[in-house]
Amino acid sequence: MVIEPLGNNIYVLRDDMLAGGTKSVLMPHIIGDDDEYVYATPVYGGFQIALASYCKSVNIKATIFCAKRKVKHPNTLRCIELGARVVEVPHGYLSVVEKRARDYCDVSGATKINWGAKTDRNRVLLAQRMMHVEKIMEFKFDEVWCAVGSGLLAESIVMGTTSANVYGVQVGAEYKGTNFTNTYYRFKNESLDMQRLNILKYHKPFDKVSKYKAPFPSTPNYDLKAFEYCMEHQKNKNPKTKVLFWNVL
C-alpha cells in the first residue's frame, strides 16, 4: 500500500500501482474453484484487468464482455495480453453487454460476477482497507475522495471511517445508493451516518476524458475526473483539513 503526500495536507492512495487497481485486492475472495468467470464492463473499467491478471495467476479462464469499438481500448488489449477471452458486443450499452454475459453464462455454466462486485463481503474488505490506511497514517482524514461507478468503494469508505466527509464523483451511470445497514452493524456494531457520503456528478459524460494534470497516473475517464473535482474543492479549504484521494486505477 502506497500513500503519497501531495502537500497542503493532501494525500493520494496509489492503488494504480496494483495490477487492475483497487479491485485486485478482492480477487482472492471472489475467485473460487469454478472453471470460468465472466464479467461485463465498460471498456474503461479496471476490474476487468484485475480479473484477467488474477485468473491468469491461478490458471482459471476469464471472459470479459464489453462494447465493440473501432479501435480496441488499451484496457481491452491488456486483458487479451493477460490471456482473457474478450467478447465485444456491437452497439453495446452496458445493459446490453450485461444481458449478453448473462445469456453466455446460462448456456456455458460459467460464473458471472455482478457489476462492481457489490457484495457484503467485498464492502467489508474495502472498509477494512480504509481503516488500515488511517492506521498507517496514525490520524483520521477529514475528507476522502474517490470516483463513483457502482458505488462500492464510496460506501466502503463510509463504513471504514467514523467522521470523514466522503465525496464520490459520479462519472457515469447514476448512483442510486445501497441499503447496507445490516452489513454495517455486523461489521462495526454502531450507527452508520450515510449523510457523510456526498455524491457530485461530473459535468461531462463517461466517454469524455478529463484533461486535468495530476502528478501521478490516473484514468482520465474515471479517477482523474474525481481528482479534478477534489483539487477544485481544496482551493478554499482550511489548510489543516486532512484529505485523502483514493486513486483506483
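Taking the alpha carbon gyration tensor of the chain, multiplying each eigenvalue by 5 and rooting it gives semi-axes of 30, 21, 17 Å, largest first.
The charge dipole of region 46-105, taken about its Cα centre with unit charges on the Cβ of Lys, Arg, Asp and Glu (plus for the first two, minus for the last two), comes to roughly 120 debye. Put a plus charge on the Cβ of each Lys and Arg, a minus charge on the Cβ of each Asp and Glu, and nothing anywhere else: the dipole of the chain about its Cα centre is then about 540 debye.
Here region 77-112 is scanned for amide nitrogen atoms under 18 Å from the site 7 Å beyond the Cα of Thr178 along Cα-to-Cβ, giving 112. Treating r as the C-beta distance of Ile199 and Ser57 and R0 as 35 Å, the FRET efficiency rounds to 0.50.
Relative to the longest principal axis of the Cα atoms of the chain, the long axis of helix 47-58 makes an angle of roughly 60 degrees.
The distance linking region 1-73 with region 206-237 is 20 Å (Cα centroid to Cα centroid, whole angstrom). Farthest toward the positive end of the dipole of region 50-125, out of Thr76, Leu51, Val96, is the Cα of Thr76, where the dipole comes from beta carbon charges about the Cα centre. Taking amide hydrogens as placed 1.01 Å from N in the peptide plane, the amide H of Lys112 sits under 5 Å from those of Val38, each at least 5 positions away in sequence or on another chain.
Scanning residues 5 or more positions from Val86 or on other chains, those with amide H under 5 Å from its amide H are Ile64, with H placed 1.01 Å from N in the peptide plane. Under the convention that each Lys and Arg Cβ holds +1 and each Asp and Glu Cβ holds -1, the size of the dipole of region 129-168 around its Cα centre is about 120 debye. Placing dummy labels 7 Å off each Cα toward the beta-carbon, the span from Lys135 to Thr162 is 1.5 nm. In the full protein context, the chain carries 49 Å² of accessible surface per residue, based on a 1.4 Å probe and ignoring ligands, DNA and RNA. For the chain, the longest principal axis of the C-alpha atoms and the axis of helix 94-108 are separated by about 50°. Here each label is just a point 7 Å from Cα along the line to Cβ, and for Val107 and Leu6 those points are 4.6 nm apart. In the distance distribution for region 60-177, Cα-Cα pairs more than 22 Å apart total 49 percent. Using a Gaussian network model of the chain in which every pair of alpha carbons under 10 angstrom is joined by a spring, one finds that among Gly92, Gly168, Gly116 the greatest mean-square fluctuation is at Gly92.
The values are calculated or read from the model by the stated rules, or taken from the named source; none is laboratory data. Please read these numbers as outputs of a predicted model, since none were measured by experiment. Note that we place each Cβ from the backbone using ideal geometry, even for glycine, and neighbour counts take in every protein chain shown. Please note that ligands, DNA and RNA were not included when accessible areas were found on the heavy atoms of the full protein model with its side chains. Shrake-Rupley method; radii C 1.70, N 1.55, O 1.52, S 1.80 Å.
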